[in-house]
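Please read the structure below before turning to the comments.
The values are calculated or read from the model by the stated rules, or taken from the named source; none is laboratory data. Please read all numbers here as calculations on a predicted model, not as lab measurements. Backbone-built Cβ (ideal geometry, glycine too); neighbour counts: all protein chains shown.
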Amino acid sequence: MLVLNNVSAGYGSFRALFDVSLEVKAGETVAVIGPNGAGKTTLLRTISRLIDSSAGEMVMDGKPISRVPAHDLIARGIAHVPENRRLFPRLTVEENLRMGGYLPAARGQFAHRLERVYELFPRMRERRRQLAGTLSGGEQQMCAIGRALMSGPKLLLLDEPSAGLAPVMVQAIFEVVKSMSGEGYTVLIVEQNIRQVLGIAHRGYLLETGRIRSSGTAAELLATDEIKQAYLGM
């Protein structure tokens with residue numbers, strides 16, 4: 001579904017990604033793990049065209065997207081849940097969800113997709129008339145993921161969905177991602193919570209200082225001495 005070949009990117013003269021290659025197949029949940037500052041958020045921002053790649057190629061469903069404008073990418077089937085959620089705080093939960101289904105192709109599916117989001121996140125149904133800015137951090141994350149799902153994406157990009165959340169909410173978010181995976185959603189998730197994200201992912205990539213250092217199935221990565229010693233304290 002998504003293929004990156006030797007992609008490099010950065011900010012001005014600062015280069016944050018170096019020749020990154022990875023693949024996400026339809027129906028997979030793929031994790032990108034690594035320390036803070038490794039370039040994980042930059043990777044997702046590059047895929048969603050919020051920043052330009054300086055080299056390499058990105059392909060979605062067999063078609064190049066490296067120069068597709070960011071506002072056109074959602075019509076190509078890519079939805080991005082950014083770090084810190086980025087909701088519209090003065091709109092209600094349901095108004096935020098409606099914003100996710102703004103494309104003409106998505107409007108006819110609004111009622112059906114809204115009901116599916118409420119099934120995934122029952123708390124959002126309870127809070128549907130509440131201003132998004134008054135939700136807890138975990139509830140805001142649920143709303144942000146729900147908003148992305150309203151477009152009917154082929155590929156969902158999740159940037160640090162557990163960041164800043166209480167442990168009980170972290171568990172709830174990962175359970176939802178696991179449930180989505182079981183329903184056939186394709187997810188590329190960036191996370192520092194390595195043990196938990198590899199517990200729900202099919203495969204993973206270790207990103208350090210802007211470079212892919214290793215990759216494999218989730219079980220293979222969890223079993224490596226590098227991951228155990230550097231990230232799991234074993």
Exercise. Looking at region 57-75, which of its residues are of a type outside the set (G, A, S) and either in contact (Cβ under 8 Å) with a residue 40 or more places away in the chain or in contact with a helix residue (DSSP H, G or I) (Cβ under 9 Å, 6 or more places away or on another chain) (or both)?
Worked result: E57, M58, V59, M60, D61, K63, I65, V68, L73, I74
Problem set entry | Among (1) without any contact (Cβ under 8 Å) to a residue 12 or more places away in the chain; (2) under 22 Å from G164 (Cα atoms); (3) of a type outside the set (D, E), the one test that G137 misses | (1)
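Only one of E226, E208, E183, E191 is out of contact with any Cys (no Cβ under 6 Å at 6 or more places or on another chain), under 27 Å from M60 (Cβ atoms) and free of Cβ contacts under 8 Å to residues at least 40 places away in the same chain. Can you tell me which?
On the way: E226 fails: under 27 Å from M60 (Cβ atoms); E208 fails: free of Cβ contacts under 8 Å to residues at least 40 places away in the same chain; E191 fails: free of Cβ contacts under 8 Å to residues at least 40 places away in the same chain.
Unique residue meeting the criteria: E183.
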Exercise. Which residues, taken from region 143-172, are under 13 Å from the mean Cα position of the chain (by Cα) and modelled with pLDDT under 90?
Worked result: S162, A163
Exercise. Applying the selection to region 200-234, what residues are over 27 Å from C143 (Cα atoms), at pLDDT 90 or above, surrounded by 18 or more Cβ atoms within 10 Å (Cβ to Cβ) and among the hydrophobic types (A, V, I, L, M, F, W, C)?
Worked result: L206, L207, I212, A218, L221
Exercise. Considering only region 156-192, how many residues are among the small types (G, A, S) and under 17 Å from G77 (Cα atoms)?
Worked result: 2
Exercise. Which of (1) assigned to a loop (DSSP other than H, G, I, E, B); (2) surrounded by fewer than 23 Cβ atoms within 10 Å (Cβ to Cβ) does P161 not meet, given it meets every other one?
Worked result: (2)
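Here is a yes/no grid of residues against (1) under 21 Å from A38 (Cα atoms); (2) buried (at least 20 other Cβ atoms within 10 Å of the Cβ); (3) touching a Pro at 6+ places or on another chain (Cβ under 6 Å):
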position: G146; (1), (2), (3): no, yes, no
position: M150; (1), (2), (3): no, yes, no
position: P153; (1), (2), (3): no, yes, no
position: S181; (1), (2), (3): no, no, no
position: Q192; (1), (2), (3): yes, no, no
position: R195; (1), (2), (3): yes, no, no
position: L198; (1), (2), (3): yes, yes, no
Problem set entry | helices (runs of 4 or more DSSP H) fully within region 37-123 counting 3 or more residues that are in contact with a Gly (Cβ under 7 Å, 6 or more places away or on another chain) and surrounded by 14 or more Cβ atoms within 10 Å (Cβ to Cβ) | 110-120
Exercise. Here are some residues: R86, R113, R90, R49. Which one is touching a helix residue (DSSP H, G or I) at 6+ places or on another chain (Cβ under 8 Å) and closer than 23 Å to S181 by Cβ?
Worked result: R113
Problem set entry | Of all residues making up region 164-204, the number that are in contact with a Phe, Trp or Tyr (Cβ under 6 Å, 6 or more places away or on another chain) and part of a helix (DSSP H, G or I) | 2
For this session: All but one of (1) within 18 Å of the chain's Cα centre (by Cα); (2) modelled with pLDDT of 90 or more hold for V176, so report the exception by its number.
Result: (2)
